[in-house]
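Visitor: For reference, the structure I am asking about is given below.
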Amino acid sequence: MHIAWLGKKSPFCGNVTYGREVTNALLDRDYQVSFLHFAAEDSEEIPEPHEVSIPCFYKSQIYTIPNFKSSKVLTQALKRLKPDIVHASLTLSPLDFLLPEICQELSLPLVATFHPPFDRKRRNLTSGT
């Protein structure tokens with residue numbers, strides 16, 4: 001089975017750790033995993049062979065602002081990769097809202113997880129998002 005995993009590689013947060021740990025466990029079980037993540041076009045990160053960088057203007061631990069080519073890059077990558085399923089570890093970007101339409105157009109099943117920050121004692125804007 002080939003899984004296209006849309007997640008975060010940076011900046012470091014729990015979602016980065018979650019994506020790395022789960023995709024490594026899937027690879028250990030002989031699943032094919034393609035990792036799609038946001039990266040600034042001038043980023044110095046060197047992508048791994050199984051990675052696809054989606055361009056963005058800005059990214060932080062809380063939200064990401066994709067650039068104007070992001071949905072096209074994502075759609076073309078999914079067409080080329082032909083995964084059996086797409087998993088989106090939601091990154092809080094406007095592109096999240098286009099994923100169902102993109103996957104439906106490509107006849108790809110989509111599963112999404114949302115990982116809000118949690119602190120049972122503290123309530124603020126960050127923990128509330």
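The values are calculated or read from the model by the stated rules, or taken from the named source; none is laboratory data. Here the structure is a predicted model, which means the values were calculated and not measured. All Cβ positions, even for glycine, are placed from backbone atoms using ideal geometry, and neighbour counts span all protein chains on display. What goes into the accessible areas is simple: the full protein's heavy atoms, side chains included, and nothing from ligands, DNA or RNA. Shrake-Rupley method; radii C 1.70, N 1.55, O 1.52, S 1.80 Å.
Visitor: May I ask you to list the residues in the range 78-103 that are part of a strand (DSSP E or B) and either farther than 21 Å from N15 by Cβ or among the hydroxyl-bearing types (S, T, Y) (or both)?
Guide: The answer is S89, and nothing else.
Visitor: Which pairs turn up if I take residues in the range 69-82 that are touching a residue at least 24 places away in the same chain (Cβ under 8 Å) and closer than 13 Å to C103 by Cα and look for partners that are part of a helix (DSSP H, G or I) and open to solvent by less than 100 Å² (accessible area, probe 1.4 Å) with beta carbon separation below 6 Å, at least 6 apart in sequence or on another chain?
Guide: As it stands, the answer is T75/I102, since those pairs meet every condition given.
Visitor: Tell me whether the range 92-105 contains one or more residues that are closer than 19 Å to M1 by Cβ and modelled with pLDDT of 90 or more.
Guide: Here is the first cut: in the range 92-105, the ones closer than 19 Å to M1 by Cβ are 103.
Checking the rest, the ones that are also modelled with pLDDT of 90 or more come to 103.
Yes - at least one qualifying residue is present in the range 92-105.
Visitor: Please specify each residue of the range 31-63 satisfying the condition of being at pLDDT 85 or above and of a type in the set (S, T, Y).
Guide: Scanning the range 31-63 gives Y31, S34, S53, Y58.
Visitor: If T75 satisfies every condition in (1) over 13 Å from H2 (Cβ atoms); (2) assigned to a loop (DSSP other than H, G, I, E, B) but one, which is the exception?
Guide: (2)
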